[in-house]
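Below: the structure, in structure tokens.
The values are calculated or read from the model by the stated rules, or taken from the named source; none is laboratory data. Bear in mind the structure is a predicted one, so any value in this text is a computation, not a measurement. Don't worry about glycine lacking a Cβ; one is built from the backbone with ideal geometry, like all the others, and counts go over all protein chains shown. Protein only, heavy atoms only, side chains kept; ligands, DNA and RNA dropped before computing areas. Shrake-Rupley method; radii C 1.70, N 1.55, O 1.52, S 1.80 Å.
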Amino acid sequence: MAARGRVAAFNLPPLPTVGEIIKLFRLQAQKQLSQNFLLDLRLTDKIVRQAGKLKNAHVCEVGPGPGGITRSILNADVEQLLLVEKDPRFIPGLQMLSEAAPGKVRIVHGDILTFKMEKAFPKHLKKNWEDEPPNIHIIGNLPFSVSTPLIIKWLENVSKKNGPFIYGRTQMTLTFQKEVAERLTANTGGKQRSRLSIMSQHLCTVENRFVIPGQAFVPKPEVDVAVVHFTPLVQPKIQQPFELVEKVVRSAFQFRRKHCFRGIETLFPESERLKKTEELMMAADVDPTLRPFQLSMSHFRNLCNTYRKMCEEDPSLFAYDYREELKQKKRQHLPKSTSQTEQTE
Ligand code: SAM
């Protein structure tokens, strides 16, 4: 009956195994919630080791489910463990783990996408941004439908030094679908180079640590999974507001297979598109015939810095939305009755 796993400085008392907990509380994985569990404690130990030394750390685990990773975190002798779990079926099993590690575990039944991380940890753990990262870690194996919007939200928090990053450069160890992990870490020219590569790498050191084959999960997902580690950078590689960088990068990758100027020109209203695109590419010293995936971080830095200057010269420019202009044009070309119906809807 005893839980297996790496023996560390702290040992949980004998507990039912994760598999037994699943049976005991009838925790069938719900497919519509993309629940895939890790039952092999050697694997959960390996995931937790990617976070680094956790002795005396404060950790937030997102989506603990039946608690495999949770056990490995507790075995690493952390000071405090905060669990944020959305599905109420898992709470009794997590309470059992909490009783086995008295005073260490706090369980929040809630949604990590709306949970306020600013107050999750004690104030005295705060570090200056320029200092070493605080002894605070976020660890989680979440559904893919949650992990991608969540990392985008947390990257925005890194840029603004809020959310979990009011404590300093909080580190994150998270799982993603293998292809998403490849996008997060892709280098210039790489097949998977995309918006996510620039948004993550300009703010963090991002490392794709190892791949977990789909068959390691119960039930087995269609895809493989990768464990990715993020440490926020002291100096972002692009020193512009998150929204501006996001707009430039999103535009640049709009037409992946075309020359990069095709996407970048969507930053400008049709009336001055050609002239302004040429001006931007020249000032940023970017060859307009490069494909978006061939643009380096310094190309993006130059593009963002120049676009910022252009927005300062023309304050209406940043609000310009290419898709909105397209929609309006479409409406103008629809027969009158249809366009009126659309407007009243
Ligand atoms: N961490 C466990 C493991 O590795 O076996 C469970 C992994 S399962 C892929 C994802 C877990 O995240 C489930 O327990 C699910 O209920 C939880 N979850 C899903 N969306 C969530 C959200 N928005 N906030 C918190 N937990 C969430």
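Report, in listed order, any pair from Lys53/Lys237; Lys126/Lys178; Lys126/Lys309; Lys126/Lys237 with a Cα-Cα distance greater than 25 Å.
Numbers: Lys53/Lys237 27 Å; Lys126/Lys178 33 Å; Lys126/Lys309 35 Å; Lys126/Lys237 23 Å.
Among Lys53/Lys237; Lys126/Lys178; Lys126/Lys309; Lys126/Lys237, the Cα-Cα distance tops 25 Å for Lys53/Lys237; Lys126/Lys178; Lys126/Lys309.
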Legend entry - Interchain or long-range residues, amide H under 5 Å from Arg106's placed H: Leu81, Leu82, Leu83
Legend entry - With all protein chains modelled, accessible area of Met282 [1.4 Å, Å²]: 150
Inset, instruction - Take Glu179, project a point 7 Å from its Cα along the Cβ direction, then tell me which residues of the stretch 130-160 have their backbone nitrogen under 14 Å from it. - result: 144-145
Inset, instruction - For Tyr322, tell me the accessible area in Å² from a 1.4 Å probe, rounded to the nearest 10. - result: 40
Inset, instruction - Take the alpha carbon atoms of the stretch 139-163, find their center, do the same for the stretch 269-300, and report the distance between the two centers in whole angstrom. - result: 29
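Taking a probe of 1.4 Å, how large is the accessible area per residue of the chain, in Å²? Write down the numbers at each step before the final one.
On the way: 17090 Å² over 345 residues.
Normalised by residue count, the accessible surface of the chain is 50 Å².
Determine the alpha carbon to alpha carbon distance for each of Lys247/Lys276; Lys116/Lys160; Lys46/Lys116; Lys160/Lys247; Lys55/Lys116; Lys104/Lys161 and list only those over 18 Å. Intermediate results must be reported in sequence, preceding the final value.
Numbers: Lys247/Lys276 16 Å; Lys116/Lys160 15 Å; Lys46/Lys116 28 Å; Lys160/Lys247 16 Å; Lys55/Lys116 25 Å; Lys104/Lys161 27 Å.
From Lys247/Lys276; Lys116/Lys160; Lys46/Lys116; Lys160/Lys247; Lys55/Lys116; Lys104/Lys161, over 18 Å: Lys46/Lys116; Lys55/Lys116; Lys104/Lys161.
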Inset, instruction - Could you please report the charge total around Ser271, scoring K, R as +1 and D, E as -1 over all other residues with beta-carbon less than 13 angstrom from its beta-carbon? - result: -1
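Mind checking the full-extension length gain between Lys191 and Asp131? Use 0.36 nm per residue of separation minus the Cα-Cα distance, one decimal, nm. List each step's numbers first, then the result.
Details: separation 60, 0.36 × 60 = 21.60 nm, distance 3.50 nm.
So the extension gain works out to 18.1 nm.
Which percent of the accessible heavy-atom area of the stretch 190-303 goes to carbon and sulfur, probe 1.4 angstrom? Walk me through the intermediate numbers first.
On the way: 2690 of 5170 Å².
Carbon-and-sulfur percentage of accessible area, whole number: 52.
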Inset, instruction - Give me the distance in nm between label points sitting 7 Å out from Cα along the Cα-to-Cβ direction at Arg89 and Arg42, one decimal. - result: 2.9
Inset, instruction - Provide the gained length on full extension for the span Met310 to Ser145, in nm with one decimal, where the gain is 0.36 nm per separating residue minus the Cα-Cα distance. - result: 55.8 nm
Inset, instruction - Roll a 1.4 angstrom probe over the protein heavy atoms and tell me the percent of accessible area of the stretch 64-137 that is carbon or sulfur. - result: 51
Inset, instruction - Using R₀ = 51 Å, calculate the FRET efficiency as 1/(1 + (r/R₀)^6) where r is the Cβ-Cβ separation of Met96 and Lys275; round to 0.05. - result: 0.15
Inset, instruction - Treat every Asp and Glu Cβ in the stretch 241-329 as -1 and every Lys and Arg Cβ as +1, leave all other atoms uncharged, and give the resulting dipole magnitude about the Cα centre to the nearest 20 debye. - result: 500
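Please compute one quarter of the surface area of the Cα convex hull for the stretch 71-193 and express it in square nanometres.
Numbers: hull surface 35.6 nm².
Projected over every direction and averaged, the Cα hull of the stretch 71-193 covers 8.9 nm².
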Legend entry - Charge context of Thr114, other residues only, Cβ under 14 angstrom, K/R +1, D/E -1: +1
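What does the convex hull of the Cα atoms come to per residue for the chain, in Å³?
In the chain, the Cα convex hull volume per residue is 166 Å³.
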Legend entry - For the stretch 234-248 versus the stretch 64-103, the gap between their alpha-carbon centres in whole angstrom: 36
Legend entry - Computed E for Leu244/Leu113 - FRET, C-beta separation, R0 25 angstrom, nearest 0.05: 0.55
Inset, instruction - Give me the accessible area of Ser316, 1.4 Å probe, in Å² rounded to the nearest 10. - result: 80
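Just the number, please: percent antiparallel of the DSSP beta bridges in the chain, rounded to the nearest 5. Present the calculation step by step, with values, prior to reporting the outcome.
Values: 16 of 35 bridges.
Here the share of antiparallel DSSP bridges comes out near 45 percent.
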Inset, instruction - Pop out the ³J(HN,Hα) list for the stretch 267-283 in order, Karplus 6.51 cos²θ - 1.76 cosθ + 1.60 with θ = phi - 60°, rounded to Hz; leave Gly and Pro as x. - result: 6, 10, x, 3, 4, 10, 4, 5, 4, 5, 5, 4, 4, 5, 5, 5, 5
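Taking a temperature of 25 °C and a viscosity of 0.890 mPa s, what whole-number D in µm²/s does Stokes-Einstein yield for the stretch 161-288 with Rh from Kirkwood over alpha carbon pairs? Intermediate values should be presented prior to the final figure.
Working: Rh = 16.7 Å.
Calculated translational D: 147 µm²/s.
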Inset, instruction - Can you work out the PRE-style zone for Lys329? Point 7 Å along Cα to Cβ, and I want the residues of the stretch 259-291 with backbone N under 19 Å. - result: 259-278
Inset, instruction - Would you please state which residues of the stretch 85-129 a label at Asn162 would reach in this model, taking the label point 7 Å out along Cα→Cβ and a backbone N cut-off of under 12 Å? - result: 117-118
